[in-house]
Amino acid sequence: MDREVLKRRLLLERRRLELEIRELDADLSESLEESSEESPYDQHMAETAGVTLDREIDLSLEENTMASIAQIDRALGKLENGSYGFCDRCGKPIPEERLDVAPFATLCIDCKRIEERKR
Ligand SMILES: [Zn+2]
């Protein structure tokens, strides 16, 4: 696969994720404002709990998105240093079909499974 095309694909995906985070941040500050206006002891208790839950979902979404960006940065770094397409863990080439569906992959399928089991 063409390195430049690949780089463009990764940068485009990165920009999309950055926009997503910006939107999540806007949502977050909105729900923060809402909840700080309400006293936790009045009848809005249930509503406030809902807001908190929303915020937690947004936060974990944001965490996931940030992890994806970090993953893309790692793939871009590998593209720069010439190790792109090779597994970070075992050093074997990552099959092209896998890179095609997941251009940000830095691990082969086997190693990814091992890493996931560790978590
Ligand atoms: Zn591997």
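No value in this document is a laboratory result; all are computed from the given coordinates. Worth saying up front: this structure is predicted, and the values here are computed from it rather than measured. Reconstructed Cβ throughout: ideal geometry from the backbone, glycine too, with neighbour counts over all protein chains shown.
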In percent, what relative contact order does the chain have, based on Cα pairs under 8 Å that are 6 or more apart in sequence?
25 percent
Could you give the angle, 0 to 90 degrees to the nearest 10, between helix 109-118's Cα long axis and the longest principal axis of the Cα atoms of the chain?
40 degrees
May I ask which residue of Gly82, Leu10, Asn64 lies farthest towards the positive end of the charge dipole of the chain, with charges of +1 (Lys, Arg) and -1 (Asp, Glu) on Cβ and the Cα centre as origin?
Gly82
Placing +1 on the Cβ of each Lys and Arg and -1 on the Cβ of each Asp and Glu in the chain, which of Ala49, Leu28, Leu99 has its Cα farthest towards the positive end of the resulting dipole?
Leu99
Along the principal axes of its C-alpha atoms, what lengths does the chain span, in descending order and rounded to whole Å?
60, 31, 21
Enumerate the amide H contacts of Phe86 below 5 Å, restricted to partners 5 or more residues apart or on another chain; note that Pro and chain-start residues carry no placed amide H.
Ile94
Need the list of aspartates and glutamates near Lys7 for cross-linking: C-alpha distance under 13 angstrom, and skip anything on the same chain fewer than eight residues off.
Asp73, Glu80, Asp100
